[in-house]
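Undergrad: Structure below; questions to follow.
The values are calculated or read from the model by the stated rules, or taken from the named source; none is laboratory data. Every value quoted in this text rests on a predicted model; they were computed, and no experiment measured them. Here the Cβ positions follow ideal geometry from the backbone for every residue, glycine too, while neighbour counts run over all protein chains shown. Ligands, DNA and RNA are excluded from the accessible area calculation, which covers all protein heavy atoms including side chains. Shrake-Rupley method; radii C 1.70, N 1.55, O 1.52, S 1.80 Å.
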Amino acid sequence: MKEGLVETRKKSQPRKPVSKREERKFESAYGYFTADGREYVITRPDTPRPWVNVICNGDYGLVETQTGSGFSWRDNANLSRITRWDQDLIRDSWGKYIYLRDQDSGEFWSGTWKPCRPQFDFFEVRHGQGYSVLTSKLHGIKFEKTIFVDVEDPVEIWKVVLTNENAQKRRISLFTYFDWCLGNWADTHREFHKTFIETWVDEQNGAIHGLKRAPLVPGFISTGMTEKPLQGFHAASPKPVAYDGDKESFLGRYGEPHNPETVVKGKLNNSQGKWGDASASLQVDVVLEPGESKTVIFTLGSTASREEAGRIIKKYSNVATADRELAKAKALWESFINATFIETPDEALNFMTNIWLKYQAISGRLWARCAYYQSSGGFGFRDQLQDAQIFFSTKPELAKKQILLHAEQQFPDGTVYHWWHHGTGMGAITNCSDDLLWLDFITLNYLDETADFSILDTKVKFLPDPKTKKVTEGTLYDHLLCAIDKVLSRFSERGLPLIGECDWNDGLSHVGLEWKGESIWLGHFLYGILTRIAPIMEERGDKKKTQTYLKRAEDLKRAVNRHGWDGEWYLGATRDDGRPLGSKTQGRGKIFLNSQTWAVMTGIATPEKAKQAMVSAAKWLYQKYGPLLLTPGYDKTDPTIGYITRYAPSLRENGGLYTHAGAWAVQAECMMRNAEQAYELYKSFNPILRGLEPDLYYCEPYVTPGNVDGPDSPNCGRGSWTWYTGSGAWCAVVILNWLLGIRPTREGLLIDPVIPKKWGGFCVKRLFRGAVYHIKVENPKHVSCGVKKLVVDGKEMKGNLIPPLTSKESHQVQVVLG
């Protein structure tokens, strides 16, 4: 591994670099991207907020911060948490730590910045796809921990390399430490939950085990939380010389993690049993000659049996295995990155689209369903469906799997769980009015991408009928129509869809509790689905229902443009009492972003209204740090609107940038052919560019935030809620399909760039229906859009559509704009 900045610490400030530097991209006071964008290198520990990596194989996952803190889980980050953790973005003080102790001098420190906060001579953290490398130097010892998750097995690996950079022989002891959770993350009543956990030492395998016994606590007991209890193991190779399975034994009475009694003394106590406060600690002694390096492999995992744990421990009994499995993890992520790849004049856009947006959406949202700002563990019906779009141009078979998984969460009447925890029977039945339609929207997008119409005939069970408890089954096509029919049954007398507890904006939770309030945005959304699904229905012979849907679509379009237009923009909604939201008549919440963008995206707006709506959006909502979701933010709690009004003005949905919706604004501007506006809008919230002002932005510069504070906040421009946001997948989709314009349609691959005039061109490697298209776009006249020439495999084609090609697996495409 290349070394970066060599530094000594003084009040957390780095010294000027004195060693050979690797090429650095988008460098700030806290770190930089490597030349290829694959790693973000953090050069000091005191980042404005925890800058983390979310590493998951779809079953086992972990969060690792730049300080060395974080937590682990298996299957469900909330119900099956392996290690204890408390969300504290200020202190970041819970984790799985490694201490080093010089057995001759008695000096000790942590290899990572937490928990001891050493003044390192050198500090560096590299976050990559599927791994992190945390490196430090102190007292002549170099510590390097590479942490990753096995691609298949439920285990994380800490490959620790110690190097003696002194001229004297050194005797160093390593001590690990974390608290077992092994169940529901919310075990704040520790005195109760610790009574269910036991630990035992397994000297034969060099491990300590933890087990939380079966959940037999009745629900009426306040701490009888739903959980999926685990058993876990923590092992080392070479085998430890001592162990501890009790927190008090390790820390000492009233002890603290930065000064644990056993580390001070230099020896663990071999505690274990059912009667303590369960933790895990291993002691491994290492002797280092001058200049010598030695490697210790630690594992932490969770299995259904001791035998399986033993197999995994044995598997990682040598360094070669760890190196081989790390290479597999990196190769997995390379397969996603390389499936579709872009090269544009904008390196920040390239890094995000090629690498980090894919990684964020898949590892963080789809597989982990967890991050630092939000630990969920469950599936959101609309959430992970939208995230699955990241698979379209990488591994579309995984998108198909996700669509069918969500279809199983639908009731026979078309309604769906708002969220659910798989395998538990836990799910939220709500009156949110948009959730069910996302099944249609994403399936339609999947069909454009793959032409896999066989998915519509796949049999999928409905959830048991709430009244009869009967389980029925239908095709996916049946499920799609059930969702549409349910929404069509919930209309106002004016011909607009009812909002219920909320539409896409969950914060509008009280707008339509009496089923009288209307959603203009939902009208846009439904119109787009009706017009897109109708041709498919007709091809399937469902002509009568096709005509019904098309008539409802036309009626809806008239109603939206009659009742939903406020003069210069579209309303957001109406309350149960008829008062509007997103209207110039209102003192707060005068204009909503989604009502303008989706009017364009779905084609429900007339050309004149579409143009005026986007002009208004730009005038009122486009800010320096991205487009606001609405403005001005509400400044008083309003029970006729919802919990959005509990937020401070300009915070999250209440008048800040909501990055998810920001991506839609970029798409709408592309559809209006406003290339410069679309591009500048995207740049305004591109995390890499925002990260160049880290003490303003606060967030990791390599993943999107859920939100950024708006103009009413004293922290205007500050980001938050990173990783766990639907904006990751949406930004990737919008850039590829709409800005670069390499877009799937039922008829084939459409080439329709909408780019800045200053670009001389760009290249795209695009996976589409089993073939790879190598597309080179030239822009000699420096126009923003319009295809003048299209050549495919040496043959010039008319227009800008490439029909599906099955003759070979790879195609060469030349495009000239003009």
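Undergrad: Under the condition of being open to solvent by 10 Å² or more (accessible area, probe 1.4 Å) and more than 18 Å from the chain's Cα centre (by Cα), which residue from segment 695-707 is nearest to Thr43 (Cα to Cα)?
TA: Asp695
Undergrad: A further question follows. Which one of these is buried (at least 20 other Cβ atoms within 10 Å of the Cβ), over 16 Å from Gln409 (Cα atoms) and either of a type in the set (Ser, Thr, Tyr) or in contact with a Leu (Cβ under 6 Å, 6 or more places away or on another chain) (or both): Asp503, Asp440?
TA: The conditions single out Asp503.
Undergrad: Name every residue in segment 486-543 that is of a type in the set (Lys, Arg), in contact with a strand residue (DSSP E or B) (Cβ under 8 Å, 6 or more places away or on another chain) and more than 12 Å from Asp434 (Cα to Cα), in order of residue number.
TA: Of everything in segment 486-543, those that are of a type in the set (Lys, Arg), in contact with a strand residue (DSSP E or B) (Cβ under 8 Å, 6 or more places away or on another chain) and more than 12 Å from Asp434 (Cα to Cα) turn out to be Arg494, Lys516.
Undergrad: Next question. Considering every residue within segment 622-631, establish whether at least one is surrounded by fewer than 19 Cβ atoms within 10 Å (Cβ to Cβ), on the phi > 0 side of the Ramachandran plot and of a type in the set (D, E, K, R).
TA: No, the conditions are met nowhere in segment 622-631.
Undergrad: Which pairs do you get when a residue that is under 17 Å from Ile751 (Cα atoms), found in segment 797-810, comes within reach of a residue that is surrounded by 10 or more Cβ atoms within 10 Å (Cβ to Cβ) and acidic (Asp, Glu), reach meaning Cβ atoms under 7 angstrom, with the pair 6+ apart or on two chains?
TA: Asn800/Asp752; Leu801/Glu747; Pro803/Glu747
Undergrad: Next question. Assuming Arg766 fulfils every condition listed in (1) of a type in the set (Lys, Arg); (2) closer than 30 Å to Trp620 by Cα; (3) touching a residue at least 24 places away in the same chain (Cβ under 8 Å); (4) surrounded by 18 or more Cβ atoms within 10 Å (Cβ to Cβ) apart from one, which condition is it?
TA: Unmet condition: (2).
Undergrad: To continue, here is another question. Regarding Thr262, is this residue out of contact with any helix residue (DSSP H, G or I) (no Cβ under 7 Å at 6 or more places or on another chain), among the polar types (S, T, N, Q), crowded, with 22+ Cβ neighbours inside 10 Å and modelled with pLDDT of 95 or more?
TA: no
Undergrad: I'm checking my understanding of the structure. Among residues of segment 75-122 that are in contact with a helix residue (DSSP H, G or I) (Cβ under 8 Å, 6 or more places away or on another chain) and aromatic (Phe, Trp, Tyr), which one is nearest to Ala186 (Cα to Cα)?
TA: Applying the filter and picking the extreme gives Tyr99.
Undergrad: State all residues of segment 98-145 that are open to solvent by 10 Å² or more (accessible area, probe 1.4 Å), among the hydroxyl-bearing types (Ser, Thr, Tyr) and not in a loop (DSSP other than H, G, I, E, B); if no residue qualifies, say none.
TA: Within segment 98-145, just Tyr131 meets the criteria.
Undergrad: Being in contact with a helix residue (DSSP H, G or I) (Cβ under 6 Å, 6 or more places away or on another chain), surrounded by fewer than 21 Cβ atoms within 10 Å (Cβ to Cβ) and within 18 Å of Glu669 (Cβ to Cβ) narrows it down to one of Glu568, Glu538, so name that one.
TA: The match here is Glu568.
Undergrad: What are the pairs, 6+ residues apart or on separate chains, where a residue within segment 247-270 that is touching a residue at least 24 places away in the same chain (Cβ under 8 Å) has its Cβ under 7 Å from a residue that is in a loop (DSSP other than H, G, I, E, B) and among the acidic types (Asp, Glu)?
TA: Listed by first residue and then by second, the contacts come to Lys247/Asp277; Glu248/Asp277.
Undergrad: Would you mind telling me which numbered condition in (1) closer than 22 Å to Pro118 by Cα; (2) charged (D, E, K, R); (3) open to solvent by 10 Å² or more (accessible area, probe 1.4 Å) Glu64 fails?
TA: (3)
Undergrad: Among the candidates Pro257, Pro229, which residue alone is part of a loop (DSSP other than H, G, I, E, B), open to solvent by 10 Å² or more (accessible area, probe 1.4 Å), closer than 20 Å to Arg81 by Cβ and at pLDDT 95 or above?
TA: Going through Pro257, Pro229 in turn, just one is part of a loop (DSSP other than H, G, I, E, B), open to solvent by 10 Å² or more (accessible area, probe 1.4 Å), closer than 20 Å to Arg81 by Cβ and at pLDDT 95 or above: Pro257.
Undergrad: Please enumerate the residues belonging to segment 506-517 that are of a type outside the set (Phe, Trp, Tyr) and open to solvent by 10 Å² or more (accessible area, probe 1.4 Å).
TA: Asp506, Ser509, His510, Leu513, Glu514, Lys516
Quick grid of which residues meet (1) surrounded by 22 or more Cβ atoms within 10 Å (Cβ to Cβ); (2) part of a loop (DSSP other than H, G, I, E, B):
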position	(1), (2)
Glu22	no, yes
Ala29	no, yes
Gly37	no, yes
Trp73	yes, no
Trp85	yes, yes
Asp88	no, yes
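Undergrad: Scan segment 19-49 for residues that are among the basic types (Lys, Arg), under 23 Å from Thr353 (Cβ atoms) and within 24 Å of the chain's Cα centre (by Cα) and jot them down.
TA: Lys25, Arg38
Undergrad: With (1) at pLDDT 95 or above; (2) assigned to a loop (DSSP other than H, G, I, E, B) as the list, and Lys467 as the residue in question, which single condition is left unmet?
TA: So the condition that Lys467 fails would be (1).
Undergrad: Ok, one more. Please specify each residue of segment 324-352 satisfying the condition of being part of a strand (DSSP E or B) and either open to solvent by 20 Å² or more (accessible area, probe 1.4 Å) or basic (Lys, Arg) (or both).
TA: Correct list: Phe341, Glu343.
Undergrad: Being at pLDDT 95 or above, open to solvent by 10 Å² or more (accessible area, probe 1.4 Å) and of a type outside the set (A, V, I, L, M, F, W, C) is true for just one of Glu152, Glu156. Which residue is that?
TA: It is Glu152.
Undergrad: What's the number of the condition Lys212 fails, among (1) in contact with a helix residue (DSSP H, G or I) (Cβ under 7 Å, 6 or more places away or on another chain); (2) of a type outside the set (Gly, Ala, Ser); (3) touching a residue at least 60 places away in the same chain (Cβ under 8 Å)?
TA: Lys212 satisfies every listed condition except (3).
Undergrad: Take the residues in segment 13-48 that are of a type in the set (Gly, Ala, Ser) and under 14 Å from Glu124 (Cβ atoms); name whichever of them is modelled with the highest pLDDT.
TA: Only one residue fits best here, namely Gly31.
Undergrad: If you don't mind, there's one more thing I want to ask. Tell me, yes or no, whether segment 379-396 has at least one residue that is under 30 Å from Tyr698 (Cβ atoms) and in a strand (DSSP E or B).
TA: yes
Undergrad: Hey, can you tell me all the residues within segment 763-818 that are in a strand (DSSP E or B), hydroxyl-bearing (Ser, Thr, Tyr) and in contact with a helix residue (DSSP H, G or I) (Cβ under 6 Å, 6 or more places away or on another chain)?
TA: Passing the criteria: none in range.
Undergrad: Another question, if that's okay. Looking at segment 49-63, which of its residues are within 15 Å of Val125 (Cα to Cα) and touching an Asp or Glu at 6+ places or on another chain (Cβ under 6 Å)?
TA: Pro50, Trp51, Asn53
Undergrad: Condition (residue is at pLDDT 95 or above, in a loop (DSSP other than H, G, I, E, B) and within 24 Å of Thr640 (Cα to Cα)) applied to segment 602-615: is it met by at least one residue?
TA: no
Undergrad: Sticking with this structure for a sec: Select, from Ala617, Ala613, Ala678, the only residue that is open to solvent by less than 20 Å² (accessible area, probe 1.4 Å) and closer than 21 Å to Gly741 by Cα.
TA: Only one candidate qualifies: Ala678.
Undergrad: Grab the strands (runs of 3 or more DSSP E) fully contained in segment 635-748, keeping just those with 2 or more residues being farther than 21 Å from Ala617 by Cβ.
TA: Fully inside segment 635-748 and qualifying: 719-722, 742-745.
Undergrad: Okay, moving on. As an exercise: evaluate Pro240 against (1) open to solvent by 30 Å² or more (accessible area, probe 1.4 Å); (2) out of contact with any helix residue (DSSP H, G or I) (no Cβ under 8 Å at 6 or more places or on another chain); (3) assigned to a loop (DSSP other than H, G, I, E, B); (4) not acidic (Asp, Glu) and give the number of the one condition it does not meet.
TA: Pro240 satisfies all of (1) open to solvent by 30 Å² or more (accessible area, probe 1.4 Å); (2) out of contact with any helix residue (DSSP H, G or I) (no Cβ under 8 Å at 6 or more places or on another chain); (3) assigned to a loop (DSSP other than H, G, I, E, B); (4) not acidic (Asp, Glu) except (1).
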